[in-house]
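*Asks:* Can you keep this structure in mind? I'll have questions shortly.
Every read-out reported here was derived from the displayed coordinates using simple, explicitly stated rules and does not represent laboratory data. Predicted model, so just to flag it, every value in this text is computed and none were measured. Cβ atoms come from the backbone with ideal geometry, glycine included; neighbour counts cover every protein chain shown.
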Amino acid sequence: MNVLLLGSGGREHAIAWKLNQSSKLTKLYIAPGNAGTASVGQNININIRQFDEIKDFVLSNNVNMVVVGPEQPLVDGIVDYFLSDKSLQNIPVIGPEKAGAILEGSKDFAKEFMSKYNIPTAKYQTFTKSTLEKGKLFLESLKAPYVLKADGLAAGKGVLILNDLDEAKNSLAGMLNGQFGDASNKVVIEEFLDGIELSVFVLTDGSNYKILPHAKDYKRIGEGDTGLNTGGMGAISPVPFVDDKFLNKIENKIIKPTIEGLKQEDICYKGFIFLGLIKVNNEPYVIEYNVRMGDPETEVVIPRIKSDLLELFVHTANGTLNQITLQEDERFCSTVMLVAQGYPESYEKGKEMNNLHLIKDSILFHAGTKSCDDKILTNGGRVIAVSSYGKDMVDALKLSYDNADKVSFEGKYFRKDIGFDLK
Ligand code: AMP
Ligand code: GLY
């Protein structure tokens, strides 16, 4: 099969790395990819928000399947675009149609969906500019801290957690007055849940599903989970506090009603569901849905899948996921993200990277890199993820850290305490 994978981060390198191991794969294209994906497939320079460009490429290169890494093309309706075009409708796209992608694209929709299908989540109400005063009253009825969420996609920055009531009221007004552009035309205010977070991934064909290895990521830039939010600074899988009993709760109270809800709503969903969960008093609650894999969670989840990923995707497309079993690697996996100095605020690109060839016992998943002549240069805030297996978390992390020290580029920074809260 010829496969086109959309995206350019560490998540896409991990997916490409795994697809490249499939006996079913003939040719793998990645658009636009990075220096890492170029080692397991062919990068192509097309704009993944221009569906006509994707169509031309798919038809002229005999592509048999499209796999979507990031959420944006899904929220923009790439699945609907393929289904409505006669020349494309038999080429499966792994990902939900637009009506499903809205689970990530609109927090208000996601909350309404969860309340309709009795899926545990924080209590909430949604406000618009015309209901600002009611929103302030709702804030007064809650206890600090106050959680304010822009309804739409806001590049991961649309959630504010504030301790002071007046500040929360002012922020609500600011958001409804366009602080995040159209994304904050509606604002969800919700009850703060105090617990420990984890990420659970499901691959569904719309009716059957496989629960993939779960993970925990570390979003803050600073050690001890301090400082600004980032795309993610590291991850581990499995999560030590998730036992079979807790996983059963997640399956019965969250995964099954989610899949059932999608069916009831007549949403065509053949792809990943990423459940951002929080454990409070030993019960799982949904913090958010994403319609893609997590990053950097993918860099620890994918290495722990033993099954052929392309075969899983074929069954996803055909609606036959019930016909195969998912095989997992029993080992732990950790990843440590090396980032550019200044990230997640402004940072420089184009720094030469060295010593990558010295890394033998970890897997390097490139995030923001590019090739230039025979050099590899940094090309983003998150630069490269160092993923390692181990018999336990400490063992895996030791390898990731040994190798994180070896990779060199000017301004390299990484958190040295991934997994600190789980030891
Ligand atoms: P989200 O974009 O919805 O995942 O929110 C970003 C982050 O804010 C989450 O990963 C949590 O750490 C935090 N968060 C969101 N909602 C809540 C909540 N209701 N209670 C506590 N923390 C939250
Ligand atoms: N690591 C969190 C995310 O991908 O949204």
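*Asks:* For segment 169-176, indicate whether the set of residues that are over 21 Å from the mean Cα position of the chain (by Cα), of a type outside the set (A, V, I, L, M) and under 28 Å from D417 (Cβ atoms) is non-empty.
*Replies:* Scanning segment 169-176, I find no residue that is over 21 Å from the mean Cα position of the chain (by Cα), of a type outside the set (A, V, I, L, M) and under 28 Å from D417 (Cβ atoms), so the answer is no.
*Asks:* If we only count helices (runs of 4 or more DSSP H) wholly inside segment 36-122, which ones have 1 or more residues that are within 30 Å of L193 (Cα to Cα)?
*Replies:* Fully inside segment 36-122 and qualifying: 72-75, 98-105, 107-116.
*Asks:* Which residue is surrounded by the most Cβ atoms within 10 Å (Cβ to Cβ), if the candidates are limited to segment 217-237 and must be within 12 Å of ligand 1 (Cβ to nearest atom) and on the phi > 0 side of the Ramachandran plot?
*Replies:* G232
*Asks:* On the basis of being at positive phi, among the polar types (S, T, N, Q) and surrounded by fewer than 17 Cβ atoms within 10 Å (Cβ to Cβ), does N118 make the cut?
*Replies:* Spelling it out, N118 is indeed at positive phi, among the polar types (S, T, N, Q) and surrounded by fewer than 17 Cβ atoms within 10 Å (Cβ to Cβ).
*Asks:* Within segment 365-398, count every residue that is part of a helix (DSSP H, G or I) and either under 21 Å from the mean Cα position of the chain (by Cα) or in contact (Cβ under 8 Å) with a residue 60 or more places away in the chain (or both).
*Replies:* Adding up the residues that qualify gives 4.
*Asks:* Working only within segment 278-326, note down all residues that are surrounded by 22 or more Cβ atoms within 10 Å (Cβ to Cβ), within 16 Å of the chain's Cα centre (by Cα) and farther than 29 Å from Q89 by Cβ.
*Replies:* V286, G294, D295, P296, E297, E299, V300, V301, P303
*Asks:* Go through segment 301-323 and count every residue that is touching a Ser or Thr at 6+ places or on another chain (Cβ under 6 Å) and within 24 Å of L103 (Cα to Cα).
*Replies:* Matching residues across segment 301-323 total 1.
*Asks:* Only residues that are within 12 Å of ligand 1 (Cβ to nearest atom) and surrounded by fewer than 16 Cβ atoms within 10 Å (Cβ to Cβ): list them for segment 153-168, please.
*Replies:* Once the filter is applied, which keeps residues that are within 12 Å of ligand 1 (Cβ to nearest atom) and surrounded by fewer than 16 Cβ atoms within 10 Å (Cβ to Cβ), segment 153-168 yields A155, G156, K157, I161.
*Asks:* Taking segment 180-197 as the search range and keeping residues that are part of a loop (DSSP other than H, G, I, E, B) and within 12 Å of D151 (Cα to Cα), which one is farthest from ligand 1 (Cβ to nearest atom)?
*Replies:* Among them, the one singled out is N185.
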